[in-house]
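Let me begin by presenting the structure, written as structure tokens, before commenting on it.
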Amino acid sequence: MKYSNTQINNAGKIIINDSVEVLTKNEALNLVDNWRKMHLPVAEKLFQELVEYFQRQNITAAFSSMRLKRMVSIESKMKFNPSMSLARMQDIGGIRFVFNDMRQLELAKKLLSDVQIDSFSLKGKVYDYIQNPKESGYRSVHFVFQYNSDDDCDGMLVELQIRTKLQHCWATAVETAELISKSSLKASKGNKHWQQFFKITSAVLAQKENLPVPKQFLDYSFCDFCDEYRQLNNQFNFIEQLQILVGTVNFAKDKKFNSGYIILYIDFNEKRAEIQHFNKSDLVKANELYKLTESRIIEEQNAVVLVSVADMKTLLVTYPSYFLDAKEFINALKDFEKRCEEYDCH
């Protein structure tokens, strides 16, 4: 590899150390950024292999995407897990396939457990957070692939997530709510009422898919879910807070692009999103702009991500939180509210 694990781990410790002098921290940030960029072609190769593999197996995803982990997310994850080795962080390069329903997802999961992909090997165990939801309510299945080659990228890890559209709309609504609550709900931090709201709504959506609910809800009846959901929402107006944001972000909806890379930037204060497209041949330029934009953002006010998606429609459904759009999540809960009324749960 171009960098040793020791170099990467040491740089990781430096970038989260507030007492380190600026010059040293900048050197460490440059090293981590260069190492992060090396994951992009590796993730791209695996992504294309998986797209073709699913096509051969007649498995249809609703949509799919690939992204590089944001530097702020890398730093946050390391601060939250002080013993974590940056060199072994599994999701610097990330791929996601979202399926219409559990039938397609289960087919994909079964095939992926035994898949043979050139230059890649499945690393470690499969993390099934659908059959065993996290306490936060998070549901998805995670695979980690290791790249095996004779070049500088040998040994790099890429994380693959598969989930259903319902699970995806919940996860992206959490990201939108993080902006409202100014807290890291994904890490089970911050506003306790928002955390409980997303725990109960995760269980509600799991029930809709006939899937296991988080352990704390195993003894709940359907009306128990209705009562707690109604009580939380009536007291704190969570749905209203999310609904107010829908359609507030200004961006060029008619923007056209075909594959390549997208830098998606949002200013949460001004409710404005900017989208810049780069062809596959312009990867260096895309990385340079990504790094420059990251260096200028203020956490909780701005965000930027470098992704690869097929078209504008896919971008909107894959990253709705970047457009402050939780309407799919809201619609699912409106349907749940109707069922509560039909069951006469009061």
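Laboratory data are not the source of any read-out in this text; all were calculated from the coordinates shown. If you're wondering where the values come from, they're calculated on a predicted model, not measured in any experiment. Here Cβ is always computed from backbone atoms with ideal geometry, including for glycine, and neighbour counts include all displayed protein chains.
Here the relative contact order of segment 159-290, from alpha carbon pairs under 8 Å that lie six or more residues apart, stands at 14 percent. Ranking of VAL304, VAL20 by neighbouring Cβ atoms within 10 Å, starting from the fewest: VAL20, VAL304. Residues in segment 138-154 carry Karplus couplings, in order, of 4, 9, 4, 10, 10, 10, 10, 10, 10, 7, 10, 7, 10, 10, 5, 8, 4 Hz; the curve used is 6.51 cos²θ - 1.76 cosθ + 1.60 with θ = phi - 60°, and Gly or Pro positions show x. Dividing the helix sum by the residues of the chain, where each DSSP H run of 4 or more adds -39500 (n - 2.57), gives a mean residue ellipticity at 222 nm of -14500 deg cm²/dmol.
Working from Cα pairs under 8 Å separated by at least six residues, relative contact order for segment 112-236 is 21 percent. Among the GluC sites (Glu not before Pro) within segment 288-340, those in coil by DSSP and having at most 15 neighbouring Cβ atoms inside 10 Å are GLU299, GLU300. Mean separation of Cα pairs under 8 Å and 6 or more residues apart, divided by the residue count, gives the chain a relative contact order of 17 percent. Residue-wise HN-Hα couplings along segment 334-341, as the Karplus relation 6.51 cos²θ - 1.76 cosθ + 1.60 with θ = phi - 60° gives them from phi, are 5, 5, 4, 4, 5, 5, 4, 5 Hz; Gly and Pro carry x.
Each of CYS169, CYS223 was scored by other Cβ atoms within 10 Å of its Cβ. Arranged with the fewest first, they read CYS223, CYS169. Taking the Cα centre of the chain as origin and assigning +1 to Lys and Arg Cβ atoms and -1 to Asp and Glu Cβ atoms, the resulting dipole is close to 180 debye.
Which entries in LYS45/LYS110; LYS186/LYS338; LYS255/LYS334; LYS256/LYS285 show an alpha-carbon gap greater than 23 Å? Table pairs above 23 Å Cα-Cα are LYS186/LYS338; LYS255/LYS334. Projecting the Cα atoms of TYR265, PHE99, ILE330 onto the charge dipole of the chain (Cβ charges, centred on the Cα centre) puts TYR265 farthest toward the positive pole. By other beta-carbon atoms within 10 Å, ranking ARG103, ARG139 with the fewest at the front produces ARG103, ARG139.
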